[in-house]
Amino acid sequence: MFNGVRLLLFALCVMLMPAHARAEDGYDLWLRYRPVTDAAALPRAVERRGDSPTLRLAEEELTRALAAMAGDGRTRGPRIVLATSADAEIAALRLPTADLGTEGYLVRSVRLGNSPAILVTANSDIGVLYGTFALLRQLGTAAGIADLDLTSTPRIGLRVLNHWDNLDGQVERGYAGESIWDWWTLPEYTGPRYTDYARANASLGINGTVLNNVNAKADSLTAPYIAKAAALADVFRPWGIKVYLSARFSAPVELGGLPTADPLDPRVQEWWNAKATEVYRAIPDFGGFLVKANSEGQPGPRDYGRSHADGANMLARAVAPHGGIVMWRAFVYADTDPDDRAKQAYTEFKPLDGQFADNVLVQVKNGAIDFQPREPFHPLFGAMPQTPLMLEVQITKEYLGYNTHLAFLGTMWEEVLDADTMVQGAGSTVARVVDGSLEGHRLTGIAGVANIGADRDWSGSTFDQANWYAFGRLAWDHTLSAEAIAREWAALTFTPDPALVQPVTAMMMASREYVVDYMTPLGLAHLMGTGHHHGPAPWVADLARPEWNPVYYHRADRQGIGFDRTASGSNAVAQYAAPVAARYADPRTTPVEDLLWFHHLPWDWQMADGESLWGTLVARYDRGVAGVADMRRQWQTLAPLVDPERHAQTDAFLAIQQRDATEWRDASIAYWQSLNGLPLPAGAAAPAHPLEYYQSLAYPYAPGHPD
Ligand code: GCW
């Protein structure tokens with residue numbers, strides 16, 4: 001009774017709420033479909049030719065979007081025709097659809113049946129859906145639809161999210177609440193959130209998702225969990241998204257009761273073959289397995305004296321008859337290997353080039369250490385020409401201030417994609433390794449560690465949605481500029497009004513560099529707090545494994561700072577192609593952004609502009625802190641152009657970021673001064689507190705941390 005009354009009151013409140021109050025909580029992402037100023041110019045109708053679940057989704061999306069964009073206005077623009085290139089009338093137009101492949105689309109203003117139309121066509125239903133979203137982007141950014149010609153094909157085949165989601169609902173390195181997968185209520189209940197997830201991904205062209213953490217439990221491969229994954233696959237299928245699973249290498253022991261998981265043991269091979277058959281019976285279009293092996297305590301083929309290729313190929317043989325693939329991670333380093341951590345993946349994998357089965361991709365992080373605010377590109381790119389290498393980036397901001405620091409990662413990914421490996425002369429970019437064009441691979445992929453959680457706004461903050469967006473857009477077309485993506489996202493997420501788009505784009509484009517500046521300037525890396533990786537802790541020196549300690553990475557003492565990776569040090573530079581190695585071998589030709597990554601230099605080292613290294617370092621910290629203050633001021637001026645709920649959250653988060661940035665700067669400077677004994681450069685402010693204060697700070701219960 002009481003509940004009934006409460007419900008009634010609640011319903012009444014919802015009805016009385018102004019329409020925008022709930023709508024702007026971030027749930028709608030970049031698919032907000034707000035009324036446009038010129039409704040009359042909008043397409044007036046949607047004509048769908050052919051029938052399939054995917055084509056119906058395309059039609060529904062357009063109908064819903066056009067109604068919302070039109071508001072109360074009447075639409076008089078040309079009709080939209082959705083059709084595949086197999087349609088006789090479309091074929092008669094002789095459009096260049098042959099090059100669109102299986103996923104590309106063509107969206108054009110044409111005349112059909114003697115009247116103007118906007119044609120959305122492709123060689124497949126999913127291509128039509130992708131084209132639909134491209135058209136909606138065009139409308140949502142107020143880009144105009146006269147003489148439309150949007151033609152695009154993805155440059156990379158597998159565009160995959162990696163969820164580091166645990167079966168108990170916790171997300172490793174997740175800052176947007178719990179996992180969106182409710183394993184407990186699956187497979188019976190598949191709520192609307194799963195559909196909305198698939199729709200958002202499809203709108204970007206993401207076509208795969210690995211549901212569970214690479215630190216995997218074998219349970220994901222048991223019958224009940226396969227059924228749960230199958231239920232999700234059923235929801236995702238019409239949106240063009242395949243399901244993949246992280247596989248625990250020791251599952252034959254844990255689930256199969258075998259005495260070994262040795263990949264060369266026929267019983268183990270048989271177990272995996274049978275397991276693959278079982279998975280494919282439930283999920284006929286299952287994508288395949290992702291594996292983290294012999295890394296950070298995970299089991300793997302090395303436990304049996306076998307190579308990563310032996311392990312990957314065994315799984316590859318199991319999924320091959322079903323059309324599946326294996327994504328085998330190259331993120332390996334061992335405390336038993338005294339060599340520079342940055343060298344270990346290359347040392348282990350490069351000799352295996354040519355030994356992997358055809359349906360294996362080796363998945364390589366953008367840099368050789370671990371998703372730092374800045375790393376030079378991973379030396380494996382270009383070094384394994386016979387193996388398709390998949391690029392792995394981290395969308396979730398484990399090392400870049402979680403969800404409360406504003407850092408647009410489009411610029412970071414553009415930097416790695418554009419990096420030139422020089423393996424086949426100038427222009428041998430990482431992007432061309434990854435898209436297969438440099439080495440002639442047909443199997444290609446890119447993975448992003450998801451920043452999606454159960455939070456109402458999906459990503460833990462409005463601006464973190466931009467990183468999901470940028471990943472999807474770059475995965476589809478890595479030639480897009482980060483700036484164009486930022487502009488597009490800002491227009492769709494807030495308003496196409498240039499008074500907002502221009503300053504927000506500028507904030508986003510500068511934001512990641514501010515984080516680099518206040519956390520790890522000039523090529524420093526891995527100075528974050530133990531375990532949770534939040535906040536500064538460059539002084540930590542007491543962890544069990546040497547390469548877990550920040551002091552391992554900065555090597556600072558009274559004389560100097562930085563990691564010597566030249567021939568006089570670890571010689572990691574030798575892992576790059578000769579011209580790149582030569583550039584990195586000399587501090588005068590090393591980009592200043594990577595200086596201390598490759599070189600150990602005296603504090604009074606003179607930079608190109610005559611300033612000392614110490615002076616430059618302090619100036620970088622100050623630049624980072626000042627940049628955050630600028631973003632905060634800028635954001636405050638935008639209040640009239642942003643709905644209050646989302647404006648207030650970003651405003652509060654920028655205040656957190658400013659506090660954290662100041663703490664990073666002050667703690668780092670206090671620590672370096674304790675080593676080098678140098679006075680602050682003229683005009684630089686002294687840290688607010690003594691070093692001991694910063695060393696005493698703790699961050700209990702920081703989110704996303706596995707322990
Ligand atoms: O960045 C590190 C993280 C671990 C993660 C690991 C990996 C999933 O701190 O939490 O484990 O990388 O990529 O495997």
FRET E, pair Ser481, Thr260, Förster distance 60 Å, beta-carbon r, rounded to 0.05: 0.75
Considering only the chain, what is the antiparallel percent among its DSSP beta bridges, to the nearest 5? 30 percent
Report the label-to-label distance for Gln355 and Val551 in nanometres (one decimal), using points 7 Å from each Cα along the Cα→Cβ vector. 3.7 nm
Do any GluC sites (Glu not before Pro) in the stretch 208-305 lie in a DSSP loop with no more than 16 other beta carbon atoms within 10 Å, and if so, which? Glu296
PRE reach from Glu593 (point 7 Å along Cα→Cβ): which of the stretch 370-397 fall under 20 Å by backbone N? 370-382, 391-397
Calculate the spin-label point distance for Arg456 paired with Asp219, positioning each point 7 Å from the Cα along the beta-carbon direction, and give it in nanometres. 3.0 nm
With a Förster radius of 30 Å, plug the Cβ-Cβ distance of Ser109 and Gln502 into 1/(1 + (r/R0)^6) and report the FRET value to the nearest 0.05. 0.60
Longest the chain segment clear of chymotrypsin sites (Phe, Trp or Tyr not before Pro) sitting in DSSP loops (not H, G, I, E or B) with at most 11 other Cβ atoms within 10 Å runs 190-700
Under 5 Å between amide hydrogens, which residues at least 5 positions from Ile80 or on another chain qualify, with H placed 1.01 Å from N in the peptide plane? Arg44, Ala45, Val46, Glu47, Ile118
Rounded to 5, percent antiparallel among DSSP beta bridges of the stretch 22-152: 50 percent
Fully extended, how many nm does the chain gain between Glu645 and Ala684 (0.36 nm per residue separation, minus their Cα-Cα distance)? 10.3 nm
Between rounded, prolate and oblate, where does the stretch 527-618 land on the alpha carbon gyration tensor, with a ≥ b ≥ c its root eigenvalues, rounded for a/c under 1.5, else prolate if a/b exceeds b/c? oblate
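A short reminder: the numbers here are calculations on the coordinates, not readings from a lab. This one's a predicted model, so the numbers in the text were calculated from it and none came from an experiment. Ideal geometry is used to build each Cβ from the backbone, glycine not excepted, and the neighbour counts take in all protein chains shown.
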